[in-house]
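Please read the structure below before turning to the comments.
The values are calculated or read from the model by the stated rules, or taken from the named source; none is laboratory data. Every value quoted in this text rests on a predicted model; they were computed, and no experiment measured them. Cβ placement follows ideal geometry from the backbone for every residue including glycine, while neighbour counts extend to all protein chains displayed. Note: areas computed on protein heavy atoms with side chains; ligands, DNA, RNA excluded. Shrake-Rupley method; radii C 1.70, N 1.55, O 1.52, S 1.80 Å.
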Amino acid sequence: MTAPNPLYVGQLNVPDRQATRQAFESIFDRRFYTNHGPLVAEFERRIADRLGVAHAICVTNGTVALMVAMKAAGLSGKAIVPAFTFPATVQSLTYAGVEPVFCDVNATTHNITADTVKAALEPGVSAIVGVHMWGQSCDVDALDAVAQKIDAVTIFDAAHSFGCLTNGRPVGGQGLCEVFSFHATKVLNCAEGGCITTNDDRLAAALRTVANFHDREGDVPVALRINAKMSEAQAAMGLLSLATLDATIEENRQRYVRFRDRLSEIPGIHFVDHASTGSSNFQYVVIEIEDCFPMSQAGLMAYLRSEDIVVRRYFYPGMHEAPPYNTRQWQLPVTDVLCGKVLQLPSGSMVAPGDIDAMCDLIAAVAARKGS
Ligand code: T4K
């Protein structure tokens with residue numbers, strides 16, 4: 001490999017150092033580090049403006065954002081959710097006392113659909129929780145239509161999707177609420193951070209109440225609170241990252257296209273073109289290892305890691321295979337197949353064009369071993 005350091009999945013953007021220093025100096029000057037400081041307020045305003053949504057509530061991380069969202073939404077009974085997702089999507093339901101009921105995903109988009117949801121429906125469902133996988137939006141209108149029929153709400157885990165569009169609208173304003181992650185590896189990066197966006201005034205008030213132990217003006221009654229507050233340091237990083245987001249997305253697009261052009265031609269590799277509609281932040285580079293490829297998913301992962309290419313196996317195992325959810329027999333044939341063949345390649349600002357070529361050369365060389 002040509003890369004001087006291991007290559008990782010994730011954006012790992014480094015903001016301008018001078019601007020970072022100034023932002024942190026301002027925090028120290030104010031001596032106001034957390035508990036609804038001015039930078040958090042500004043970050044929330046800017047997110048709401050960018051996404052065209054009434055409320056943005058910033059919290060500690062994406063997992064906590066999901067937990068707070070499920071609690072504040074007052075869900076009860078069961079929720080339909082994919083098993084092909086990060087544990088936080090499902091476990092936030094368990095934290096809120098809601099039973100997850102898994103549905104399958106579409107083999108091409110890796111998203112849940114109206115049909116997969118309908119196939120999983122059972123009595124007592126109060127929510128459909130979609131995940132906009134790899135930054136590619138679920139069909140929110142179709143899922144809303146299913147939800148309406150059963151008197152349920154939709155909530156979208158948009159952890160991968162800041163800056164993406166759904167039917168020409170920014171992801172962030174759909175369903176009852178949408179939930180973002182601003183983890184270090186995400187396109188919008190607070191080191192750790194998360195946000196819930198909603199157009200529902202009452203939910204916004206409940207979210208702010210659940211996310212904070214202290215009574216604040218306008219609090220609504222909720223049974224359980226938690227400290228989920230975003231700090232000023234996180235917001236400072238987020239504001240810097242937001243200022244360069246469009247440039248980051250354009251750089252992502254260029255890397256994505258370079259990967260796509262090379263990987264699409266390698267026999268046995270299926271490049272998951274989740275950005276073909278042009279409404280993506282191009283954050284993830286995802287491949288499926290087909291049966292005819294000379295190495296399995298695990299084999300290719302181990303081989304590339306031995307070359308300092310730290311590919312990931314998101315998501316493995318599926319949540320239906322993980323305790324405590326594996327006590328029931330789930331029929332999720334597409335999820336089962338995907339968990340065994342999907343890999344994510346290093347992406348983001350630390351990956352140079354030469355790294356992309358070198359990674360593709362290694363994969364192409366493995367493909368050429370067939371029959372040798
Ligand atoms: N919903 C969905 C659909 C999600 O995918 C996620 C998280 C969430 C909800 C929850 O959001 P958060 O609570 O995380 O805000 C990583 C990310 O940590 C996680 O945010 C992301 N999705 C998931 C898909 O990927 P891990 O456990 O694989 O992270 P880790 O520490 O192995 O880091 C990934 C790679 O990045 C490593 O190979 C090393 C590199 N790295 C990482 C960090 C933190 C660095 O080079 N520098 C760094 O500072 O989950």
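See the values below:
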| quantity | calculated |
| --- | --- |
| 10 Å Cβ shell holding at most 13 others, DSSP loop, GluC sites (Glu not before Pro): longest site-free stretch of the chain | 1-216 |
| Accessible surface of the chain, 1.4 Å probe, proportion on carbon and sulfur as whole % | 52 |
| Estimated FRET transfer efficiency (Asn167, Thr108; beta-carbon r; R0 22 Å; 0.05) | 0.80 |
| Net +/- balance of residues flanking Arg262 in space, Cβ distance below 15 Å, scoring K and R +1, D and E -1 | -3 |
| Asp261 versus Thr94: modelled label distance in nm, points set 7 Å from Cα along the beta carbon direction | 4.5 |
| At R0 = 56 Å, FRET efficiency that the Cβ-Cβ distance of Gln331 and Asp16 yields, to 0.05 | 0.65 |
| Residues of region 166-314: accessible area per residue with a 1.4 Å probe, Å² | 41 |
| Within the chain, percent of DSSP bridges classed antiparallel, to nearest 5 | 55 |
| Extension gain (nm, one decimal) between Ala243 and Ser76, 0.36 nm per residue minus Cα-Cα | 56.2 nm |
| Length added when fully stretched, Ala119-Phe24, from 0.36 nm per residue minus Cα-Cα | 29.1 nm |
